[in-house]
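Q: Provided herewith is a single structure, encoded as structure tokens, for subsequent inquiry.
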Amino acid sequence: MKLSFAPYLLKFKRPFSIAHGSRDSTPVIFTRLDHEGVVGYGEASMPPYLGETHETALSFLSKAVNVLDKFRGDDNIAMILEEVDRMAHGNTAAKASIDIALHDLIGKIQNRSCHEMFGADRTKPVFTAYTIPMDEPEGIRTRVEEAQEYSILKVKMGSSDDKKLIEEIRKHTSKNIMVDANEGWKDKQAALEMVEWLSHRNVQMVEQPMPKEQVDDTAWLCERSAIPIIADEAVKRLSDIEKAKGIYTGINIKLMKSTGLHEAHKMIVQARKYGMKIMIGCMSETSCGVSAAAQLAPLADWIDLDGPLLIKEDYFSGVKFSAGKILLNDLAGIGVIPLKTLTGF
Ligand code: MG
């Protein structure tokens with residue numbers, strides 16, 4: 001198998017603010033794996049706060065070229081990815097880009113879709129959340145209007161204006177809301193009061209309310225909370241689930257944290273064994289990364305895959321968004337086709 005890759009900067013449609021600071025672009029790298037004329041595509045997305053950059057990913061992928069070359073014609077995904085994982089610690093987005101391209105390639109060689117490989121039913125309706133960023137009151141109204149066809153809104157919290165933001169949204173809609181506190185609440189009593197307040201305002205769940213290090217406080221909060229508490233920063237990979245059991249109600253799985261589809265699917269199986277809820281999320285990603293993640297979406301309880309809706313320019317066509325739902329196609333692999341705007345390969 002021959003691996004090649006090209007770096008891009010992903011620009012957003014509008015200034016996009018998260019608890020970790022404002023940003024208006026995210027580095028991404030697209031990978032492709034070639035084998036006897038068949039091509040698989042992958043994506044690495046590297047939001048700055050997670051520590052990976054174009055440089056670290058390119059350096060990792062350059063070394064991975066030799067590892068993958070050994071597996072020419074081999075379709076043992078688990079074995080190949082184990083060897084890639086062993087190359088270095090971290091680099092989870094770079095590893096995910098190889099995992100995604102490999103699934104896409106092998107799906108195309110076997111002429112079957114990845115959702116079929118994972119036993120996910122693509123006819124099951126998959127509703128995605130749509131992100132409403134922190135904004136001035138007039139802006140919030142516009143954002144809520146933009147989100148008209150989406151049945152669930154996602155709101156990033158963790159500032160002193162948290163209640164104001166929810167109250168502003170509630171002036172315009174009574175839709176379900178998912179709240180992501182991004183580790184923003186430090187005091188457990190205040191966090192519990194906030195969660196109670198939110199539970200009376202049709203908020204369905206709260207993602208990562210407190211810093212991941214505050215394990216006992218989070219367990220205390222989760223025990224008393226009327227709504228599910230979901231781990232994001234606290235659970236990146238399969239090995240983190242054991243520690244989250246009994247602390248969180250569920251986990252938010254993202255391919256860029258889990259090193260891709262192979263481990264993400266294992267995480268779903270493991271978390272279900274523990275009776276935990278599953279959310280599937282994404283970083284700032286194009287339709288390549290999101291179409292890959294969507295292959296697992298029918299297996300989850302909540303979906304937050306609005307990445308392609310928030311970026312200025314996409315580089316792939318893949319899953320479609322319609323009436324608030326994500327529609328998987330029946331193409332082989334992850335179901336993407338590169339657009340003309342994709343250059344550099
Ligand atoms: Mg989150």
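Q: Pull up all non-local amide H partners of ARG112: gap of 5 or more, or a different chain, and H-to-H distance under 5 Å with H placed in the peptide plane.
A: So ARG112 has HN proximity to GLY333.
Q: Oh, and also: For every helix of n ≥ 4 consecutive DSSP H residues, a contribution of -39,500 (n - 2.57) applies; sum these over the chain, divide by its total residues, and give [θ] at 222 nm rounded to the nearest 500 deg cm²/dmol. Each step should come with its number before you reach the end.
A: Working: 13 runs with 123 residues, N = 345.
When only DSSP H runs of four or more count, the value is -10500 deg cm²/dmol.
Q: Okay, moving on. Using alpha-carbon pairs under 8 Å, 6+ residues apart, how would you state the relative contact order of the chain in percent? Spell out each step's value before the answer.
A: Details: 752 pairs, mean separation 67.6, N = 345.
20 percent.
Q: Shifting gears a bit: Which residues in the stretch 171-193 place their backbone N less than 16 Å from a point set 7 Å from the Cα of PHE127 along the Cα-to-Cβ direction?
A: Residues 173-179 qualify, since their backbone N sits under 16 Å from the label point.
Q: Okay, next question. Anything over 28 Å Cα to Cα? Flag those among LYS175/LYS266; LYS13/LYS320; LYS156/LYS340; LYS164/LYS186; LYS95/LYS175; LYS11/LYS156, in the order listed.
A: Correct reply: LYS175/LYS266; LYS156/LYS340; LYS95/LYS175.
Q: Continuing with the same structure: Beta carbons within 10 angstrom, averaged per residue: use that to sort the peptides 86-96, 156-166, highest first.
A: Averaged packing, sorted descending, gives the order 86-96, 156-166.
Q: Please give the residues of the stretch 157-183, grouped as numeric ranges, whose backbone N is less than 14 Å from a label point set 7 Å along the Cα-to-Cβ vector of GLU145.
A: 172-173
Q: Can you tell me how much longer the chain between MET79 and PHE12 gets when fully stretched, taken as 0.36 nm per residue apart minus their C-alpha distance, in nm with one decimal?
A: Between MET79 and PHE12, full extension yields an extra 20.5 nm.
Q: Further question: In square nanometres, what is the average projected area of the Cα convex hull of the chain?
A: Taking a quarter of the hull surface, the average projection is 15.9 nm².
Q: Also: Using a simple spin-label model with points 7 Å from Cα along the Cα→Cβ vector, what separation in nm is obtained for LEU339 and SER25?
A: Once both label points are built, they end up 1.7 nm from each other.
Every number here is computed from the coordinates shown, using simple stated rules; none is lab data. Worth saying up front: this structure is predicted, and the values here are computed from it rather than measured. A quick note on method: Cβ atoms are made from the backbone with ideal geometry, for glycine too, and the neighbour counts reach across all protein chains shown.
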